[in-house]
Each structure stands twice: as C-alpha cells, then as structure tokens.
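Heads up, the thing below is written out as structure tokens.
FYI, it's all coordinate maths here, none of it is from the lab. None of these values were measured; they are calculated from a predicted model. Cβ: placed from backbone, ideal geometry, glycine included. Neighbour counts: every protein chain shown.
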Amino acid sequence: MQILVVEDERKLASALKEGLEADDYSVLIAQTGEEGFYLLCKQPFDLAILDVMLPGRDGFEILSTLRAQGLRIPILLLTAKDQIEDRVQGLDRGADDYLVKPFAFPELLARVRALLRRGNSDAAAKTKIADLEIDVNNRLVTRAGQKIELTAREYELLEYLFRHQGRVVSREMIARDIWKEVARQTPLDNVIDVHIAHLRRKIDDQFKSKLVHTVRGLGFVLREERD
C-alpha cells in the first residue's frame with residue numbers, strides 16, 4: 001500500500017513515516033502543498049494524509065482541487081484546529097476522515113486501516129470498462145460476454161490496470177507492485193513489455209475498441225477511447 005504524507009512539520013512527518021513503514025506501508029513525504037499536489041497528480045497512491053496548514057497551497061485548497069479533478073483516493077486530514085466549522089469544511093470539501101493534533105499514533109493507524117479497507121472495497125466494485133469485465137472474487141475475465149483465458153501474471157497485470165483505471169502506470173510501478181522488484185532493473189522492462197503485449201492481444205485484438213494503451217515514455221493505461 002502506497003501512502004503519501006503531506007506535512008511540513010519535519011519531526012511529525014518523520015515519525016509518521018517511521019510508524020507507518022513499521023506497519024508495512026510504503027510512505028512518501030511531501031513538505032509543501034505544491035509538492036503534495038504534484039505527487040498526487042503524477043502517480044497513484046492508495047491513501048493520502050494531508051495537513052491543513054501548509055506553506056503555499058493549504059490542505060483545503062488541495063483537497064477541493066483534487067476532488068474537482070475526479071481523484072477519489074481516501075484522504076485523511078490533519079489539523080491543529082479543533083473547531084466544528086473547520087471539521088465540517090474539510091468533510092464538505094471531500095475529506096474521508098479528520099484527525100485533530102495532537103493525536104495518538106494507534107488512533108491514526110486505525111483510521112488509516114479503515115480508510116484503506118473502504119478504498120479497497122470501492123476499487124473491487126469498479127470492475128467494468130466498456131464491455132470488458134473482471135470478476136475479482138473468481139479471477140474471471142470476459143469481454144462482450146466472451147471468456148478470456150489469462151495466465152496468472154496477465155491477470156495480475158489486468159487487475160492492476162483496473163485499480164488504476166484511467167491513470168498511467170509506469171514500468172517502475174509494475175516492477176515494484178507486480179514483480180516485487182524494488183531496485184530499478186532495466187532488463188525487467190522487456191519482460192513487462194512482453195506480458196503487456198500478450199495481455200493486449202487477448203483483450204483487444206478481436207475488438208474494434210482498444211482498451212490497453214501505451215503512453216510513450218511513461219507507461220500503460222487502461223481506458224476507453226471515445227470518438
């Protein structure tokens with residue numbers, strides 16, 4: 001699970017990173033609102049922990065812009081303000097949860113787990129694009145009602161593309177999350193490209209509408225191209 005922490009207090013950001021990583025989450029830190037906004041737009045995360053009071057663009061503004069752009073990932077707001085109006089404002093702008101500083105880390109961890117469970121349920125429900133459908137529980141794939149036979153690795157790739165539907169995933173992300181290779185290994189790029197080619201042939205070749213696309217220099221995306 002990939003978590004972005006947007007927090008300008010260095011000690012708190014470091015403590016959050018250490019604590020979350022001890023619970024087996026992968027954590028990236030941004031210390032300004034602009035950096036956090038850029039990272040959230042550039043790459044997919046499973047959850048964001050967003051401080052309200054940030055230098056430059058504040059948490060409320062970032063939250064409103066992200067939701068207006070259609071980004072639906074769970075967002076937990078952190079704030080030193082304990083006014084009901086502030087909490088209402090954050091929730092009305094699209095926050096999924098709200099935690100007032102100072103807080104106990106076990107409570108934050110419990111809220112993170114709850115939000116990730118909710119996010120996983122939402123992702124699992126999003127199993128159809130155009131006439132391509134994936135049954136996550138039974139690991140079955142159909143297109144236009146026709147069953148498509150995939151290898152285990154091809155299925156993992158397709159499910160990964162579904163989870164990031166409409167957003168580009170890089171070879172580095174696929175290597176990390178599917179092949180579990182943390183270090184960047186260029187030779188693995190060729191293996192990934194071969195598997196994507198096999199997946200595309202099974203998913204797209206027999207159909208007019210193409211769903212698996214290569215974005216030159218960036219990676220791959222699952223999306224429906226509309227005329």
Given points 7 Å out from each Cα along the Cα-Cβ axis, report the Arg223 to Asn137 separation in nanometres with one decimal. 3.1
State the answer as a single residue: which of Pro55, Ile73, Pro102 lies farthest towards the positive end of the charge dipole of the chain, with beta carbon charges of +1 for Lys and Arg and -1 for Asp and Glu, about the Cα centre. Ile73
Quick check on region 68-157: what does the Kirkwood estimate of hydrodynamic radius come out to from the alpha carbon pairs, in Å? 16.1
How big, on average over all directions, is the shadow cast by the Cα convex hull of region 2-124, in nm²? 6.9
Taking region 126-222 as the region of interest, what is the percent of Cα-Cα pairs per 5 angstrom bin, listed from the shortest bin to the one with the maximum distance? 2, 13, 26, 26, 19, 9, 4, 1
Based on other C-beta atoms within 10 Å, arrange Ile129, Ile62, Ile84, Ile49 from fewest to most. Ile84, Ile129, Ile62, Ile49
Quick check: Cα centre of region 104-119 to Cα centre of region 1-34, how many Å? 14
Lys/Arg +1, Asp/Glu -1 at C-beta; the chain dipole; positive extreme among Leu132, Leu40, Ala22: Leu132
If you scale each eigenvalue of the Cα gyration tensor by 5 and take the root, what three semi-axes come out for the chain, rounded to whole angstrom and sorted largest first? 35, 19, 16
Distance in nm between Leu39 and Arg72 label points, each 7 Å along Cα→Cβ, equals 2.4
Report the longest stretch of the chain that contains none of the GluC sites (Glu not before Pro) sitting in a DSSP loop with at most 12 other Cβ atoms within 10 Å. 1-148
Dipole magnitude of the chain about its Cα centre, charges +1 at Lys/Arg Cβ and -1 at Asp/Glu Cβ only, in debye to the nearest 20? 680
One would report the antiparallel percent of DSSP beta bridges in the chain, rounded to the nearest 5, as 45
Anchor Lys208: lysines whose Cα lies under 24 Å away (excluding residues fewer than 8 positions away in-chain): Lys126, Lys128, Lys147
